[in-house]
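The values are calculated or read from the model by the stated rules, or taken from the named source; none is laboratory data. No experiment lies behind these values; they were computed from the predicted model shown. Quick reminder, even Gly has a Cβ in these numbers, built from the backbone with ideal geometry, and neighbours come from all protein chains shown. What goes into the accessible areas is simple: the full protein's heavy atoms, side chains included, and nothing from ligands, DNA or RNA. Shrake-Rupley method; radii C 1.70, N 1.55, O 1.52, S 1.80 Å.
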Amino acid sequence: MVVSVHHLAADAGLEMLKAGGNAVDAAVATGFALAVVHPIAGNLGGGGFLLLRTHDGHATFLDFREQAPLAATADMYLDAQGKVLPEDNLQSSLTGYRAIATPGSVAGLTYAEKKYGKLGLAAAMAPAIKLAEKGFVLSAEEAEELHDPGLTRFADSKRIFQRDGKFYAAGEVLRQPELARTLQRIAADPSDFYHGKLAAELVAELEKGGGLITLEDLARYRVVEREPLTGKFHNYTVISAPPPSSGGVVLLSTLNILAPYDLAKLGDRSPASIHLITEAYRRAYMDRSEYMGDPDYNHIPAAEMTSTRYADAWRASITDQATPSARLHRPEGFLPAAPTSAGKRRESPDTTHFSIVDAEGNAVAMTTTLNNDYGSGVTAGSLGFLLNDEMDDFAAKMNTPNFYGLIQGPADAIAPLKRPLSAMTPTLVLEGGLVDGKLRFVLGSPGGGRIISTVANIFLSAAEGGLNIQQAVDAPRFHHQYLPDTLYLEPGFSGKTIKQLQALGYVVDLKDGYWSNGECIAIDPKSGELLGGQDHRSHYGKAAGY
Ligand code: DON
């Protein structure tokens, strides 16, 4: 089964599974297809994380996060007065050429195929090449998305995605012959993108607009294979994203804080359970903001942050009322002092998620991103693909919120070749132990800083709240990230629940509508049947199985 936000990308993965490919072949096919049919987030010019667990119990994490160009500096997004440049400024971390970090997706997907795939790159890229060449029919929602003003600002983006102002309508076909050609070149020689003629063409395109990425940046890019983060929750083993994602640390510390409570008895989304989960989020996100960044630059005390003793100490500060974030004090004697500088490289080494399980039981959870919608808005000229604005995931200024309202500290300060802190949380959950446990859930979502609470919401509803995976994915979400001290609620909570939460002291915000997009799989413990949870918040996704 492949569950993805785009039906054609899910079908591309399914085609691999039917042809005898494994979950990694399917992930590579889905990943490249998303770069064609879901340009708002799918990408060649972005980065991501792929979490794999093979049926025999081996788990690994591929980090192909973007990294800061060699020419990046800590204060590059501040004006003369030291203020962060706003989004509409072409020198900012969110828009245009200077927002672009060295892309990792092509390295990540081709590395995954070579090391863990069965069918080979040509086979895994064939569906994407076909979709780019022949085109695909746009739905009303996709045609509407392509009106994005961020694309209009850049000539090649406007030409390709907006037909120079003659916007695409629902039912029309979007063909991308230039992208097809780039994909063919990658399929023929994957090293071309970082070391060859393709690299030179990309750099030349980006230089035209004042981008910072050089041939050396591309040549020095590496996929980092990391050990996933693991923890226990009741009889489950949770395998998730290590730094430079904050996802696994925040998810596991949230679950550790919650473990002794009887959430099942309190009831899914009852005010009492929302209260406890929110207080756990508040504490775990506080630690995120002060401690987390690229582990190759600063020591991130992930093991201490996810220890049960530390969670016990955090839990002791939870009362039957909301704790104002301003009055929250971290338990003493557990964590070392937080980093105070960007650190030095230590020699050791809109977003979309999809979930895959193959016939053997190999599982992939992969989340990939350009950062916000259509990334920087910049298309790499006739190469036909969009570039990220991942530089905004760094702390452009200490204690100043980024696009997602997240506050990050010195550990996430900009430095050359450093990877920005992410919240992407591809997660696998087993019943039982790490090696001999049975796969129960494949989880993940986009949503910026809300990704982690989305994954926690879905997992807790399915594991504790008695919801099936489709219900858990669809259920209204709630989110708290320490600062701002606000409990965000999606539409769908009753007036009574909202009033009870306000009475506990929460400042409730109902204005954000819907967020995130869970694309998940559950495995029935008795029958082994795969159950797809494809989020109702998107209207062109699919759980594709056979
Ligand atoms: O890596 C991160 O945490 C962000 N760049 C993810 C952005 C995202 O999820 C946007 N989609 N809604």
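It is to be established whether one or more residues within region 135-153 are in a helix (DSSP H, G or I) and either among the aromatic types (Phe, Trp, Tyr) or farther than 21 Å from residue 37 by Cα (or both). No. For region 348-395, name all the residues that are at pLDDT 95 or above, more than 20 Å from the chain's Cα centre (by Cα) and among the small types (Gly, Ala, Ser). Within region 348-395, 359, 361, 380, 381, 382, 384 qualify. The set of residues from region 263-285 being charged (D, E, K, R) and not in a helix (DSSP H, G or I) comprises 268, 269.
Within region 462-476, residues that are within 12 Å of residue 532 (Cα to Cα) and modelled with pLDDT under 95 have Cβ atoms under 7 Å from residues that are of a type in the set (Lys, Arg) and not in a helix (DSSP H, G or I) in no pair, counting only partners at least 6 apart in sequence or on another chain.
Could you tell me which residue of region 263-294 is farthest from the ligand (Cβ to nearest atom), considering only residues that are of a type in the set (Asp, Glu) and farther than 20 Å from residue 509 by Cβ? Within region 263-294, the match that is farthest from the ligand (Cβ to nearest atom) is 268.
Meeting the requirement of 2 or more residues that are away from the ligand (no atom under 16 Å from the Cβ), the strands (runs of 3 or more DSSP E) wholly within region 171-262 are 229-233, 236-240.
Scan region 239-262 residue by residue and report those that are within 15 Å of residue 461 (Cβ to Cβ) and either open to solvent by less than 10 Å² (accessible area, probe 1.4 Å) or at pLDDT below 95 (or both). 251, 254, 255, 258 - these are the residues of region 239-262 that are within 15 Å of residue 461 (Cβ to Cβ) and either open to solvent by less than 10 Å² (accessible area, probe 1.4 Å) or at pLDDT below 95 (or both).
Residue 380 - would you say it is closer than 17 Å to residue 38 by Cα, more than 11 Å from the ligand (Cβ to nearest atom) and either out of contact with any strand residue (DSSP E or B) (no Cβ under 7 Å at 6 or more places or on another chain) or not polar (S, T, N, Q) (or both)?
yes
Within region 363-376, work out how many residues are of a type in the set (Ser, Thr, Tyr), in a loop (DSSP other than H, G, I, E, B) and either surrounded by fewer than 24 Cβ atoms within 10 Å (Cβ to Cβ) or on the phi < 0 side of the Ramachandran plot (or both). Please lay out each step first, then the result.
Going residue by residue through region 363-376, those that are of a type in the set (Ser, Thr, Tyr) are 367-369, 374, 376.
Those left that are additionally in a loop (DSSP other than H, G, I, E, B): 374, 376.
From what is left, the residues that are either surrounded by fewer than 24 Cβ atoms within 10 Å (Cβ to Cβ) or on the phi < 0 side of the Ramachandran plot (or both) are 376.
Within region 363-376, residues that are of a type in the set (Ser, Thr, Tyr), in a loop (DSSP other than H, G, I, E, B) and either surrounded by fewer than 24 Cβ atoms within 10 Å (Cβ to Cβ) or on the phi < 0 side of the Ramachandran plot (or both) number 1.
So is residue 175 open to solvent by 50 Å² or more (accessible area, probe 1.4 Å) and more than 23 Å from residue 68 (Cβ to Cβ) or not? Spelling it out, residue 175 is indeed open to solvent by 50 Å² or more (accessible area, probe 1.4 Å) and more than 23 Å from residue 68 (Cβ to Cβ). Does residue 316 meet the test of being buried (at least 16 other Cβ atoms within 10 Å of the Cβ), at negative phi and modelled with pLDDT of 95 or more? No; evaluated as a whole, the condition is false for this residue. When the strands (runs of 3 or more DSSP E) confined to region 1-117 are screened for residues that are within 18 Å of the chain's Cα centre (by Cα) and under 29 Å from residue 215 (Cα atoms), those reaching at least 3 such residues are found at 47-53, 59-64.
Counting only helices (runs of 4 or more DSSP H) wholly contained in region 422-539, the ones carrying 1 or more residues that are open to solvent by less than 20 Å² (accessible area, probe 1.4 Å) and within 16 Å of the ligand (Cβ to nearest atom) occupy 451-463, 469-474.
Before we move on, is residue 360 more than 14 Å from the ligand (Cβ to nearest atom), of a type outside the set (A, V, I, L, M, F, W, C), in contact with a Pro (Cβ under 7 Å, 6 or more places away or on another chain) and open to solvent by 10 Å² or more (accessible area, probe 1.4 Å)?
no
Put simply, of 354, 403 the only residue that is near the ligand (Cβ under 10 Å from one of its atoms) and either in a strand (DSSP E or B) or surrounded by fewer than 21 Cβ atoms within 10 Å (Cβ to Cβ) (or both) is 403. Would you say residue 379 is hydroxyl-bearing (Ser, Thr, Tyr), closer than 30 Å to residue 75 by Cα and surrounded by 24 or more Cβ atoms within 10 Å (Cβ to Cβ)? Judged against the criteria, residue 379 is a match. Checked against the criteria, residue 56 does not count as touching a Lys or Arg at 6+ places or on another chain (Cβ under 9 Å) and among the charged types (D, E, K, R). No other residue among 37, 24, 3, 28 is open to solvent by less than 10 Å² (accessible area, probe 1.4 Å), in contact with a Cys (Cβ under 7 Å, 6 or more places away or on another chain), more than 16 Å from the ligand (Cβ to nearest atom) and of a type outside the set (Ser, Thr, Tyr) apart from 3.
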